[in-house]
Structures are given as structure tokens and as C-alpha cells.
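Just below is one structure, and these are the notes that go with it.
A short reminder: the numbers here are calculations on the coordinates, not readings from a lab. Just so it is clear, the model here is predicted, and its values are computed rather than measured. Because the Cβ atoms are built from the backbone with ideal geometry, glycine has one as well, and the counts that use them run over all protein chains shown.
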Amino acid sequence: MGPPPSYQPQQHMGQTPRYRPPPRYEARHNWRRGEHFDGRGVAVYDWRYYHLTPPPHGYEWVQDNGQFVLVAIATGIIVEVILNALSH
């Protein structure tokens with residue numbers, strides 16, 4: 001089995017090649033109010049289970065990397081962020 005398709009060897013003076021993640025992948029991102037949500041994450045329909053407020057009409061809760069993000073469906077603008085909320 002060979003290296004993953006996104007593997008791109010890079011030699012740096014005596015160092016071994018490193019794994020380079022695909023361009024879309026980003027390490028953990030801390031979302032902020034006013035940012036544009038990029039669509040990753042999972043929609044949260046059972047907001048009561050996570051003790052979240054009901055999303056207003058036209059908004060939805062999304063879970064990404066342990067954060068809950070309230071996003072305007074039409075624009076993708078973040079209006080609220082709850083960090084480290086998965087310690088349920």
C-alpha cells in the first residue's frame with residue numbers, strides 16, 4: 001500500500017518527507033461571530049439534547065470540532081459560537 005494521494009514529499013536538508021494534508025483540510029478552527037461558515041460540520045437538529053437555545057427561523061446549529069455554531073442559512077454568517085460544548 002502506497003502513500004495517501006495527498007502525500008507530497010518535501011526534502012529539507014536531511015529531513016525525511018512529511019505528510020501534507022489535502023488543501024481543503026484545515027486544523028482545528030475556532031469560529032467567531034461575523035465569520036462566514038464554510039459548510040463543514042454536522043447540522044444539529046436535536047438542539048435540546050445539547051442544551052442549546054432554539055434556532056430562530058432561518059438559522060441552524062452546526063457542530064464542528066467540539067464547537068456549536070449558529071449560522072444564518074441564507075448567508076452563512078455566524079451569529080453565535082459555543083466552544084467546548086461536547087462535554088455533555
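Values as computed for the structure displayed
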quantity	calculated
For the stretch 27-88: rounded, prolate or oblate by the Cα gyration tensor [a/c cutoff 1.5]	oblate
Nearest-20 debye value, the stretch 27-88 charge dipole, Cβ charges on Lys, Arg, Asp, Glu	120 debye
